[in-house]
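Peer 1: The structure is given below, and queries will be raised subsequently.
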Amino acid sequence: VIVTHVSLRDYRNYAEAELSLSPGPTLFVGSNGQGKTNLVEAIGYLSSLRSHRVSSDAALIRQGADFAVIRARIEHAGRQISAEVQLNRSGANRAQLNRSPVKMRELPRYFSSVLFAPEDLALVRGEPAGRRRYLDELLALLSPRLLGVIADYDRVLRQRNTLLKSARASRVRGTGLSTLEVWDERLVEIGSDLIAARSELVAELLPRVQGAYRLIAGEDHAVGLTEYRSILSRHPDDDDSLDGIPSDQAMISAAEARAVFQRTLDAVRGKELERGVSLVGPHRDDLVMALNGLPARGYASHGESWSLALALKLAAAETLRNGSGGGDPVLILDDVFAELDERRRGRLSTAMDGFEQVLVTAAVPGDVPEGLRQHMVAIEAGRILD
Ligand SMILES: Nc1ncnc2c1ncn2[C@@H]1O[C@H](COP(=O)(O)OP(=O)(O)OP(=O)(O)O)[C@@H](O)[C@H]1O
Ligand SMILES: [Mg+2]
């Protein structure tokens with residue numbers, strides 16, 4: 001996949017902007033606060049449907065404007081596609097493909113990108129939610145069916161939580177809970193699909209993350225990826241935080257997950273009614289990473305955590321390259337090189353070789369290896385200069 005043209009309107013600090021892009025690497029340069037990240041954030045939005053920096057879209061709309069528009073021409077499997085998103089300050093966002101309205105979640109089927117940014121450090125050091133999102137975003141890009149499963153699970157979970165909360169408030173017991181059983185069934189059914197899909201993905205990612213880590217760090221620190229599955233937990237009512245590495249390494253099928261999920265759900269029923277929230281399921285799971293047998297979260301050094309975060313992203317890019325019919329994802333590297341030492345810079349740049357399109361931002365062009373610096377675009381105060 002490559003992006004050949006981008007138009008922005010009232011996006012962040014861009015009033016209007018037009019940009020043509022070529023295959024291969026492009027480096028966006030400019031002083032701090034000029035709009036480099038804003039530009040690549042907009043491009044990334046078309047595949048992840050979110051910003052890598054903020055959770056609410058309101059910050060993406062230019063101050064004083066009611067809506068923002070991101071439009072891109074994309075070359076996908078030899079076809080030209082035009083994709084457009086309108087972000088509205090009030091009301092739902094809207095998407096178009098080739099000028100016809102589509103659901104937002106259709107867009108990632110035509111455009112995939114992987115964005116590397118300083119925020120990725122949170123994949124290693126932050127809360128489990130970020131790691132779940134990493135896996136789920138990748139699943140969604142790999143398979144439209146799983147995109148549906150993830151959306152369905154979210155919906156069922158929300159509805160079940162609402163029911164649990166009102167049951168708690170009104171102290172409903174017995175008959176009032178028959179509706180809950182219907183939601184239990186849905187939760188187990190859809191949740192088990194998601195658990196199995198994540199498990200398969202993690203097995204596929206592991207050798208790639210190990211390879212990417214060796215490549216970036218220049219050393220082998222025996223990267224481990226183990227899933228924490230709340231349906232298997234003995235204390236599912238504790239919160240997500242984990243100190244150790246789960247011992248269970250095996251892949252799990254949807255059928256196996258279903259049986260376990262149902263059993264655990266029955267066992268925590270009382271506690272769920274007490275708390276008014278769903279305590280087990282893929283929304284409570286985690287991906288535990290280890291270096292040399294120690295949990296990376298809490299033990300790994302800053303540089304090691306960084307290498308691991310980059311390795312996760314690189315592994316995602318390779319998985320997409322292998323798994324999707326549409327070719328390579330567009331690689332977006334926002335402010336990444338400034339964080340790395342000279343050797344890691346060189347190795348990361350080598351890892352980008354051969355990807356169809358690579359978009360890089362840097363305040364200091366000298367931080368970026370030669371090979372990614374051939375084509376530069378200057379950004380100044382929300383304007384794209386040539
Ligand atoms: N919704 C918005 N409306 C208007 N301006 C905005 C909006 N959101 C962000 N900005 C402005 O955009 C600028 C930041 O742009 P951006 O993050 O792209 O900078 P950058 O070029 O990546 O800088 P750095 O080199 O520091 O990373 C800030 O000046 C900020 O005030
Ligand atoms: Mg920036």
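Throughout, read-outs are computed from the coordinates displayed, never taken from laboratory work. Since we're looking at a predicted model, the values are computed, not measured. Because the Cβ atoms are built from the backbone with ideal geometry, glycine has one as well, and the counts that use them run over all protein chains shown.
Peer 1: Sum up the charges of everything whose Cβ sits under 11 Å from the Cβ of residue 100, counting Lys and Arg as +1 and Asp and Glu as -1, but leave residue 100 out.
Peer 2: That sum, taken over residues with Cβ under 11 Å, equals -1.
Peer 1: Packing-wise, with mean Cβ within 10 Å as the measure, how do 67-79, 308-320 rank, highest first?
Peer 2: 308-320, 67-79
Peer 1: Also, I was wondering about something else. Roughly what percent of Cα-Cα pairs across the chain reach past 34 Å?
Peer 2: The share of Cα pairs beyond 34 Å in the chain comes to 33 percent.
Peer 1: Further question: Per q in 0.09, 0.10, 0.18, 0.20 Å⁻¹, report the Debye log10 I(q)/I(0) for the stretch 239-386, using one uniform scatterer on each alpha carbon and no solvent.
Peer 2: -0.50, -0.60, -1.15, -1.27
Peer 1: If you don't mind, another one. Please find, in a Gaussian network model of the chain (springs between Cα atoms separated by less than 10 Å), the residue of 26, 264, 179 whose mean-square fluctuation is greatest.
Peer 2: The residue with the greatest mean-square fluctuation here is 179.
Peer 1: Filter the chain for me: DSSP H helices, axial length by Cα at least 15 angstrom, mean Kyte-Doolittle hydropathy not below 1.0. List them by residue number.
Peer 2: Passing helices, by number: none.
Peer 1: Read phi for every residue in the stretch 218-230 and hand back ³J(HN,Hα) as whole Hz from Karplus 6.51 cos²θ - 1.76 cosθ + 1.60, θ = phi - 60°, with x for Gly and Pro.
Peer 2: Once rounded to whole Hz, the list reads x, 9, 9, 10, 6, 5, x, 10, 10, 8, 8, 10, 4.
Peer 1: Same structure, new question: Which net charge results for the neighbourhood of residue 122, defined as the other residues with beta-carbon distances under 13 angstrom from its beta-carbon, given Lys and Arg at +1 and Asp and Glu at -1?
Peer 2: +4
Peer 1: Here's a follow-up. Under 20 °C and 1.002 mPa s, how fast does the stretch 49-172 diffuse according to Stokes-Einstein, given a Kirkwood radius computed over C-alpha pairs? Answer in µm²/s, whole number.
Peer 2: Reported coefficient: 126 µm²/s.
Peer 1: Please figure out what share of the DSSP beta bridges in the chain is antiparallel and state it in percent, rounded to the nearest 5.
Peer 2: Percentage antiparallel, nearest 5: 70.
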